[in-house]
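Report on the following structure.
The values are calculated or read from the model by the stated rules, or taken from the named source; none is laboratory data. In this text the structure is predicted, and so the values were computed from the model without any measurement. We place every Cβ from the backbone using ideal geometry, glycine too, and count neighbours over all the protein chains shown. All accessible areas refer to the heavy atoms of the entire protein, side chains included, with ligands and DNA or RNA removed. Shrake-Rupley method; radii C 1.70, N 1.55, O 1.52, S 1.80 Å.
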Amino acid sequence: MHKELADRPDIITTEIEAIGFYRKMDTKATVEEMIAGKYVLVEEFYSNGLQVLNELRRNLLLKYQDKTFQGQRDFRAAFRKASHRLLLKVKENKLVVKKAPAFGWLELLYPDVSEFYVAFPEVQGMNSSWQWYEKGLEVKTLNLTLHPYYGTYFPTRFDHLKLFDKWLKKYEGSKENAIEIGVGSGVLSFQLIQNGFKNIFATDTNKNAIIGVAQESKRLGFENIIELNHGDLFENCNTKADLIVFNPPWLPAKHTLEEGIDKAMYYEEELFPRFFEQALEHLTPEGKIVLIFSNLAEVVDEETPHPIIEELRANKRFRKELHLKRDVRASSRRTKRRDAREKEKVELWVLSPKVK
Ligand SMILES: C[S@@+](CC[C@H](N)C(=O)[O-])C[C@H]1O[C@@H](n2cnc3c(N)ncnc32)[C@H](O)[C@@H]1O
(Lines give C-alpha, C1' and ligand atoms only; values in the text may rest on other atoms or scores of the structure.)
Protein backbone atom coordinates (compact mmCIF):
# COMPACT_ATOMS: atom_id res chain seq x y z
CA MET A 1 0.00 0.00 0.00
CA HIS A 2 2.64 2.57 1.00
CA LYS A 3 4.57 1.91 -2.24
CA GLU A 4 1.77 3.79 -4.01
CA LEU A 5 2.46 7.39 -5.02
CA ALA A 6 1.18 9.89 -2.50
CA ASP A 7 -1.23 12.70 -3.34
CA ARG A 8 0.97 15.67 -4.14
CA PRO A 9 0.76 19.10 -5.73
CA ASP A 10 0.31 19.18 -9.51
CA ILE A 11 3.47 19.91 -11.47
CA ILE A 12 4.35 20.88 -15.04
CA THR A 13 6.84 18.55 -16.71
CA THR A 14 6.76 20.02 -20.23
CA GLU A 15 8.52 23.18 -21.39
CA ILE A 16 6.34 26.20 -20.78
CA GLU A 17 6.08 29.73 -22.01
CA ALA A 18 6.68 31.95 -18.99
CA ILE A 19 7.84 35.46 -18.17
CA GLY A 20 11.16 35.21 -16.30
CA PHE A 21 11.04 37.37 -13.16
CA TYR A 22 14.19 39.10 -11.86
CA ARG A 23 14.31 41.30 -8.76
CA LYS A 24 14.71 44.62 -10.59
CA MET A 25 11.66 44.08 -12.78
CA ASP A 26 8.39 45.94 -12.50
CA THR A 27 6.42 43.83 -10.01
CA LYS A 28 3.13 45.62 -10.69
CA ALA A 29 3.27 44.93 -14.42
CA THR A 30 4.30 41.32 -13.80
CA VAL A 31 1.33 40.79 -11.53
CA GLU A 32 -1.05 42.21 -14.15
CA GLU A 33 0.31 39.65 -16.62
CA MET A 34 -0.25 36.86 -14.11
CA ILE A 35 -3.84 37.96 -13.52
CA ALA A 36 -4.34 38.02 -17.29
CA GLY A 37 -3.29 34.35 -17.47
CA LYS A 38 0.48 34.31 -18.11
CA TYR A 39 2.91 32.10 -16.21
CA VAL A 40 5.73 33.86 -14.35
CA LEU A 41 8.92 32.02 -13.42
CA VAL A 42 10.94 33.21 -10.41
CA GLU A 43 14.52 33.18 -11.71
CA GLU A 44 16.80 34.67 -9.05
CA PHE A 45 15.98 34.57 -5.35
CA TYR A 46 13.21 32.71 -3.54
CA SER A 47 12.23 35.96 -1.81
CA ASN A 48 11.41 37.49 -5.23
CA GLY A 49 8.45 35.11 -5.33
CA LEU A 50 7.23 36.46 -1.99
CA GLN A 51 7.56 39.98 -3.39
CA VAL A 52 5.33 39.04 -6.36
CA LEU A 53 2.74 37.39 -4.13
CA ASN A 54 2.58 40.46 -1.86
CA GLU A 55 1.93 42.64 -4.86
CA LEU A 56 -0.68 40.22 -6.16
CA ARG A 57 -2.49 40.36 -2.81
CA ARG A 58 -2.38 44.16 -2.80
CA ASN A 59 -3.66 44.31 -6.38
CA LEU A 60 -6.55 41.90 -5.80
CA LEU A 61 -7.57 43.52 -2.50
CA LEU A 62 -8.17 46.73 -4.43
CA LYS A 63 -10.37 44.86 -6.90
CA TYR A 64 -12.21 42.72 -4.33
CA GLN A 65 -13.44 45.13 -1.70
CA ASP A 66 -16.63 43.30 -0.80
CA LYS A 67 -16.21 42.21 2.83
CA THR A 68 -19.14 39.79 2.85
CA PHE A 69 -18.53 36.06 3.13
CA GLN A 70 -19.05 35.63 -0.62
CA GLY A 71 -16.84 38.62 -1.39
CA GLN A 72 -14.00 37.17 0.68
CA ARG A 73 -14.46 33.82 -0.96
CA ASP A 74 -14.22 35.41 -4.43
CA PHE A 75 -11.03 37.18 -3.38
CA ARG A 76 -9.47 33.94 -2.17
CA ALA A 77 -10.45 32.12 -5.36
CA ALA A 78 -8.94 34.86 -7.55
CA PHE A 79 -5.76 34.88 -5.45
CA ARG A 80 -5.47 31.12 -5.61
CA LYS A 81 -5.90 31.06 -9.38
CA ALA A 82 -3.41 33.80 -10.16
CA SER A 83 -0.83 32.82 -7.53
CA HIS A 84 -0.65 29.32 -9.01
CA ARG A 85 0.72 30.90 -12.19
CA LEU A 86 3.83 31.89 -10.27
CA LEU A 87 6.27 29.03 -10.79
CA LEU A 88 9.55 27.73 -9.45
CA LYS A 89 11.85 25.40 -11.32
CA VAL A 90 12.94 22.12 -9.76
CA LYS A 91 16.07 20.28 -10.92
CA GLU A 92 17.35 17.08 -9.35
CA ASN A 93 14.42 17.40 -6.95
CA LYS A 94 15.67 20.71 -5.59
CA LEU A 95 14.54 24.29 -6.09
CA VAL A 96 16.83 26.08 -8.53
CA VAL A 97 16.44 29.65 -7.18
CA LYS A 98 18.91 31.07 -4.66
CA LYS A 99 18.19 31.16 -0.90
CA ALA A 100 15.33 28.71 -1.29
CA PRO A 101 14.20 26.61 1.67
CA ALA A 102 15.34 23.01 1.57
CA PHE A 103 12.71 20.39 2.32
CA GLY A 104 12.43 16.71 1.56
CA TRP A 105 8.97 16.55 -0.06
CA LEU A 106 10.33 17.35 -3.53
CA GLU A 107 12.21 14.05 -3.35
CA LEU A 108 9.81 11.96 -1.33
CA LEU A 109 6.63 12.89 -3.19
CA TYR A 110 8.22 12.84 -6.68
CA PRO A 111 10.37 9.70 -6.85
CA ASP A 112 9.35 9.30 -10.51
CA VAL A 113 10.43 12.74 -11.82
CA SER A 114 13.34 15.04 -11.00
CA GLU A 115 12.87 18.10 -13.21
CA PHE A 116 9.66 20.11 -13.29
CA TYR A 117 7.87 23.37 -12.50
CA VAL A 118 5.74 23.79 -9.41
CA ALA A 119 3.54 26.65 -8.22
CA PHE A 120 5.02 28.93 -5.54
CA PRO A 121 2.13 28.57 -3.04
CA GLU A 122 2.45 24.77 -3.25
CA VAL A 123 6.12 25.12 -2.35
CA GLN A 124 5.15 27.24 0.65
CA GLY A 125 2.67 24.54 1.70
CA MET A 126 5.23 21.74 1.30
CA ASN A 127 7.81 23.73 3.23
CA SER A 128 5.55 24.35 6.22
CA SER A 129 4.35 20.72 6.22
CA TRP A 130 8.00 19.62 6.20
CA GLN A 131 8.68 21.58 9.40
CA TRP A 132 6.02 19.51 11.20
CA TYR A 133 7.18 16.27 9.62
CA GLU A 134 10.80 16.89 10.57
CA LYS A 135 10.38 18.34 14.03
CA GLY A 136 7.35 16.29 14.87
CA LEU A 137 4.22 16.99 16.85
CA GLU A 138 4.46 16.27 20.55
CA VAL A 139 1.37 14.44 21.77
CA LYS A 140 1.51 14.38 25.57
CA THR A 141 -1.44 11.99 25.97
CA LEU A 142 0.54 9.43 23.96
CA ASN A 143 3.92 10.38 25.35
CA LEU A 144 5.06 10.33 21.73
CA THR A 145 6.18 12.70 19.03
CA LEU A 146 4.37 12.03 15.75
CA HIS A 147 5.54 13.00 12.27
CA PRO A 148 2.45 13.89 10.22
CA TYR A 149 2.80 13.16 6.50
CA TYR A 150 2.24 15.77 3.81
CA GLY A 151 -1.44 16.62 3.27
CA THR A 152 -2.67 14.85 6.40
CA TYR A 153 -4.88 16.26 9.14
CA PHE A 154 -3.25 16.35 12.56
CA PRO A 155 -4.56 17.83 15.81
CA THR A 156 -3.27 21.13 17.12
CA ARG A 157 -5.42 21.04 20.24
CA PHE A 158 -5.61 17.95 22.37
CA ASP A 159 -8.82 18.17 24.41
CA HIS A 160 -10.48 15.36 22.48
CA LEU A 161 -7.50 13.07 23.06
CA LYS A 162 -7.71 13.71 26.81
CA LEU A 163 -11.43 12.95 26.78
CA PHE A 164 -10.86 9.72 24.85
CA ASP A 165 -8.02 8.76 27.18
CA LYS A 166 -10.19 9.26 30.24
CA TRP A 167 -12.86 7.02 28.77
CA LEU A 168 -10.39 4.36 27.57
CA LYS A 169 -8.83 4.06 31.02
CA LYS A 170 -12.24 3.07 32.42
CA TYR A 171 -13.24 0.81 29.54
CA GLU A 172 -13.72 -2.77 30.72
CA GLY A 173 -14.99 -4.52 27.57
CA SER A 174 -13.13 -6.80 25.20
CA LYS A 175 -9.98 -5.41 23.58
CA GLU A 176 -9.70 -7.99 20.81
CA ASN A 177 -10.72 -5.93 17.75
CA ALA A 178 -11.19 -2.23 17.09
CA ILE A 179 -11.91 -0.31 13.90
CA GLU A 180 -10.93 3.30 13.44
CA ILE A 181 -12.57 5.25 10.64
CA GLY A 182 -10.60 8.32 9.51
CA VAL A 183 -7.23 7.49 11.06
CA GLY A 184 -5.58 10.84 10.07
CA SER A 185 -2.18 11.01 11.74
CA GLY A 186 -2.92 7.87 13.78
CA VAL A 187 -3.43 9.48 17.20
CA LEU A 188 -6.60 7.62 18.25
CA SER A 189 -5.39 4.25 16.96
CA PHE A 190 -2.15 4.69 18.85
CA GLN A 191 -4.16 5.47 22.00
CA LEU A 192 -6.09 2.23 21.46
CA ILE A 193 -2.85 0.29 21.10
CA GLN A 194 -1.31 1.86 24.19
CA ASN A 195 -4.45 0.89 26.10
CA GLY A 196 -4.16 -2.75 25.17
CA PHE A 197 -6.18 -3.28 21.99
CA LYS A 198 -4.81 -6.25 20.08
CA ASN A 199 -6.01 -5.72 16.49
CA ILE A 200 -6.94 -2.51 14.77
CA PHE A 201 -8.36 -2.01 11.32
CA ALA A 202 -7.95 1.65 10.36
CA THR A 203 -9.14 3.44 7.25
CA ASP A 204 -9.01 6.85 5.65
CA THR A 205 -10.14 8.31 2.32
CA ASN A 206 -6.94 10.35 2.32
CA LYS A 207 -4.19 8.25 0.75
CA ASN A 208 -1.44 10.26 2.44
CA ALA A 209 -2.89 9.56 5.88
CA ILE A 210 -2.54 5.84 5.18
CA ILE A 211 1.03 6.24 3.89
CA GLY A 212 1.96 8.35 6.94
CA VAL A 213 0.39 6.04 9.53
CA ALA A 214 2.05 3.03 7.84
CA GLN A 215 5.43 4.73 8.31
CA GLU A 216 4.71 5.75 11.88
CA SER A 217 3.38 2.31 12.84
CA LYS A 218 6.56 0.75 11.54
CA ARG A 219 8.74 3.23 13.43
CA LEU A 220 6.79 2.63 16.64
CA GLY A 221 6.70 -1.15 16.28
CA PHE A 222 2.91 -1.27 15.88
CA GLU A 223 2.79 -2.64 12.35
CA ASN A 224 1.56 -6.10 13.40
CA ILE A 225 -1.30 -4.63 15.38
CA ILE A 226 -2.70 -2.16 12.89
CA GLU A 227 -4.04 -2.99 9.43
CA LEU A 228 -4.49 0.00 7.16
CA ASN A 229 -6.86 0.52 4.30
CA HIS A 230 -7.22 3.43 1.91
CA GLY A 231 -10.95 3.65 1.32
CA ASP A 232 -14.35 5.02 2.20
CA LEU A 233 -15.70 4.18 5.68
CA PHE A 234 -15.78 0.37 6.17
CA GLU A 235 -14.68 -0.50 2.62
CA ASN A 236 -12.69 -3.81 2.57
CA CYS A 237 -13.34 -4.32 6.27
CA ASN A 238 -14.46 -7.88 6.98
CA THR A 239 -14.12 -7.92 10.75
CA LYS A 240 -16.58 -7.23 13.51
CA ALA A 241 -15.24 -5.01 16.24
CA ASP A 242 -15.64 -4.54 19.97
CA LEU A 243 -15.09 -0.85 19.41
CA ILE A 244 -15.55 1.42 16.41
CA VAL A 245 -13.92 4.82 16.79
CA PHE A 246 -14.55 7.82 14.55
CA ASN A 247 -13.46 11.42 14.97
CA PRO A 248 -15.34 12.72 11.93
CA PRO A 249 -15.22 16.12 10.28
CA TRP A 250 -17.13 18.57 12.47
CA LEU A 251 -18.64 21.01 9.99
CA PRO A 252 -21.34 20.49 7.35
CA ALA A 253 -20.00 21.23 3.85
CA LYS A 254 -21.58 24.02 1.85
CA HIS A 255 -19.27 23.33 -1.10
CA THR A 256 -18.16 20.34 -3.16
CA LEU A 257 -15.47 18.59 -1.18
CA GLU A 258 -11.96 18.08 -2.46
CA GLU A 259 -9.81 15.10 -1.56
CA GLY A 260 -7.35 15.60 1.31
CA ILE A 261 -7.63 17.99 4.25
CA ASP A 262 -11.02 19.31 3.10
CA LYS A 263 -12.59 15.96 4.02
CA ALA A 264 -11.05 16.14 7.48
CA MET A 265 -12.91 19.38 8.25
CA TYR A 266 -16.22 19.17 6.36
CA TYR A 267 -18.79 16.44 5.89
CA GLU A 268 -21.35 15.79 3.17
CA GLU A 269 -24.93 15.21 4.28
CA GLU A 270 -24.80 11.48 3.63
CA LEU A 271 -21.64 10.76 5.64
CA PHE A 272 -23.26 10.13 9.03
CA PRO A 273 -26.26 8.05 7.81
CA ARG A 274 -23.83 5.91 5.80
CA PHE A 275 -21.48 5.58 8.76
CA PHE A 276 -24.21 4.47 11.18
CA GLU A 277 -25.70 1.99 8.72
CA GLN A 278 -22.33 0.34 8.06
CA ALA A 279 -21.19 0.54 11.70
CA LEU A 280 -24.17 -1.58 12.75
CA GLU A 281 -22.94 -4.35 10.43
CA HIS A 282 -19.43 -4.24 11.90
CA LEU A 283 -20.15 -4.42 15.62
CA THR A 284 -20.11 -7.49 17.84
CA PRO A 285 -23.35 -7.82 19.88
CA GLU A 286 -21.57 -6.25 22.86
CA GLY A 287 -19.71 -3.74 20.68
CA LYS A 288 -19.73 0.04 21.06
CA ILE A 289 -19.24 3.06 18.85
CA VAL A 290 -17.17 5.93 20.19
CA LEU A 291 -17.59 9.20 18.34
CA ILE A 292 -15.59 12.32 19.01
CA PHE A 293 -17.49 15.44 18.05
CA SER A 294 -17.78 19.13 18.77
CA ASN A 295 -20.54 21.70 19.07
CA LEU A 296 -18.54 24.02 16.79
CA ALA A 297 -21.09 23.97 13.94
CA GLU A 298 -23.93 24.79 16.41
CA VAL A 299 -21.92 27.58 18.02
CA VAL A 300 -21.52 29.20 14.60
CA ASP A 301 -25.12 28.55 13.52
CA GLU A 302 -27.70 27.33 16.03
CA GLU A 303 -29.83 25.82 13.29
CA THR A 304 -27.22 23.28 12.27
CA PRO A 305 -28.52 19.80 13.05
CA HIS A 306 -26.31 17.61 15.24
CA PRO A 307 -25.77 14.43 13.20
CA ILE A 308 -25.42 12.12 16.22
CA ILE A 309 -28.53 13.45 17.96
CA GLU A 310 -30.34 13.18 14.60
CA GLU A 311 -29.36 9.52 14.30
CA LEU A 312 -30.53 8.70 17.84
CA ARG A 313 -33.82 10.49 17.27
CA ALA A 314 -34.69 9.40 13.74
CA ASN A 315 -33.50 5.79 13.68
CA LYS A 316 -33.89 3.43 16.55
CA ARG A 317 -30.68 1.58 15.80
CA PHE A 318 -28.50 2.77 18.68
CA ARG A 319 -28.79 3.54 22.35
CA LYS A 320 -26.86 6.39 23.94
CA GLU A 321 -24.61 5.02 26.68
CA LEU A 322 -22.61 8.10 27.47
CA HIS A 323 -22.13 11.69 26.38
CA LEU A 324 -19.10 13.45 27.85
CA LYS A 325 -18.19 17.09 27.18
CA ARG A 326 -15.09 19.09 27.77
CA ASP A 327 -14.35 22.79 27.29
CA VAL A 328 -11.89 23.55 24.55
CA ARG A 329 -8.90 25.35 25.94
CA ALA A 330 -7.71 28.40 24.00
CA SER A 331 -4.59 27.38 22.08
CA SER A 332 -2.58 30.03 23.85
CA ARG A 333 -3.44 31.83 27.09
CA ARG A 334 -2.06 35.08 25.81
CA THR A 335 -4.27 35.10 22.73
CA LYS A 336 -7.45 34.04 24.49
CA ARG A 337 -10.15 35.23 22.19
CA ARG A 338 -13.65 36.33 23.19
CA ASP A 339 -15.43 34.75 20.27
CA ALA A 340 -17.47 31.68 19.31
CA ARG A 341 -14.59 29.41 20.28
CA GLU A 342 -15.16 30.28 23.94
CA LYS A 343 -18.38 28.28 23.92
CA GLU A 344 -16.82 25.43 22.06
CA LYS A 345 -16.86 21.99 23.65
CA VAL A 346 -15.54 18.68 22.47
CA GLU A 347 -17.87 15.75 22.93
CA LEU A 348 -17.41 12.03 23.32
CA TRP A 349 -20.36 9.84 22.50
CA VAL A 350 -20.67 6.16 23.27
CA LEU A 351 -23.45 4.32 21.47
CA SER A 352 -24.38 0.66 21.52
CA PRO A 353 -26.65 -1.21 19.13
CA LYS A 354 -30.22 -1.89 20.21
CA VAL A 355 -31.01 -5.57 20.18
CA LYS A 356 -32.80 -6.30 16.91
C1 LIG B 1 -11.10 15.20 12.00
S2 LIG B 1 -10.01 14.10 11.16
C3 LIG B 1 -9.55 12.99 12.48
C4 LIG B 1 -8.19 12.36 12.30
C5 LIG B 1 -7.68 11.59 13.52
N6 LIG B 1 -8.48 10.41 13.78
C7 LIG B 1 -7.64 12.49 14.74
O8 LIG B 1 -8.45 12.26 15.65
O9 LIG B 1 -6.85 13.43 14.78
C10 LIG B 1 -11.16 13.15 10.17
C11 LIG B 1 -10.50 12.09 9.30
O12 LIG B 1 -11.51 11.32 8.63
C13 LIG B 1 -11.17 11.11 7.29
N14 LIG B 1 -12.39 10.84 6.53
C15 LIG B 1 -13.35 11.73 6.12
N16 LIG B 1 -14.35 11.09 5.46
C17 LIG B 1 -14.02 9.75 5.48
C18 LIG B 1 -14.65 8.59 4.96
N19 LIG B 1 -15.81 8.65 4.29
N20 LIG B 1 -14.05 7.38 5.15
C21 LIG B 1 -12.86 7.30 5.82
N22 LIG B 1 -12.22 8.38 6.34
C23 LIG B 1 -12.79 9.59 6.17
C24 LIG B 1 -10.42 12.39 6.91
O25 LIG B 1 -9.60 12.20 5.77
C26 LIG B 1 -9.62 12.68 8.19
O27 LIG B 1 -8.37 12.05 8.17
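Values computed for the structure shown
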| quantity | calculated |
| --- | --- |
| Probe 1.4 Å, accessible area per residue of the range 137-353, Å² | 50 Å² |
| Per-pair calculated FRET efficiency, R0 = 35 Å: GLU32 and GLU269 via Cβ, rounded to 0.05 | 0.25 |
| With every protein chain in place, the range 11-133: carbon and sulfur % of accessible area (1.4 Å) | 53 percent |
| Qualifying GluC sites (Glu not before Pro) in the range 156-203, DSSP loop, other Cβ atoms within 10 Å at most 16 | GLU172, GLU176 |
| For the chain, size of Cβ-based charge dipole, Lys and Arg +1, Asp and Glu -1, in debye | 1520 debye |
| Environment charge at PHE222 (Cβ cut-off 13 Å; Lys +1, Arg +1, Asp -1, Glu -1) | -1 |
| Binned Cα-Cα distances of the chain, short to long, each 10 Å bin given as a whole percent | 5, 21, 28, 23, 15, 7, 1, 0 |
| Carbon/sulfur fraction of accessible area - the range 203-356, other protein chains in place, 1.4 Å, % | 47 percent |
| Projected label distance in nm at GLU235 and ARG80, using a 7 Å step from Cα toward the beta-carbon | 2.3 nm |
| Projected-area mean, the range 199-247, by convex hull of Cα positions, square nanometres | 3.5 nm² |
| Accessible area (Å², 1.4 Å probe, nearest 10) - MET25 | 70 Å² |
| Positive minus negative residues near SER174 (Lys, Arg vs Asp, Glu; Cβ under 12 Å) | 0 |
| Estimated D of the range 11-133 in µm² per second, where Rh is the Kirkwood radius over Cα pairs and Stokes-Einstein applies at 10 °C, 1.306 mPa s | 105 µm²/s |
| GNM flexibility winner over the chain from PHE234, PHE275, PHE293 (Cα, springs under 10 Å) | PHE275 |
| Gaussian network model of the chain, springs between alpha carbon atoms under 10 Å - residue of GLN65, GLN51, GLN194 with greatest fluctuation | GLN65 |
| Inter-centroid distance (Cα atoms) of the range 27-66 relative to the range 214-269, Å | 38 Å |
| For the range 11-133, accessible area per residue (1.4 Å probe, heavy atoms of protein chains only), Å² | 56 Å² |
| Candidates ASN315, ASN247, ASN206: whichever shows maximal mean-square fluctuation once the chain is modelled as a Gaussian network with Cα springs under 10 Å | ASN315 |
| Charge dipole (debye, nearest 20) of the range 32-82; +1 at Cβ of Lys and Arg, -1 at Cβ of Asp and Glu | 360 debye |
| Segment SER114-LYS94, extension gain: residue separation times 0.36 nm, minus the distance between their alpha carbons | 6.4 nm |
| Dipole-positive endmost among LEU144, ILE210, PHE246 within the range 137-353 (Cβ charges, Cα centre) | LEU144 |
| Qualifying GluC sites (Glu not before Pro) in the range 205-305, DSSP loop, other Cβ atoms within 10 Å at most 15 | GLU223, GLU235, GLU258, GLU259, GLU268, GLU269, GLU270, GLU302, GLU303 |
| Simple spin-label estimate for ASN195 and ASP327 in nanometres, 7 Å along Cα-Cβ | 2.4 nm |
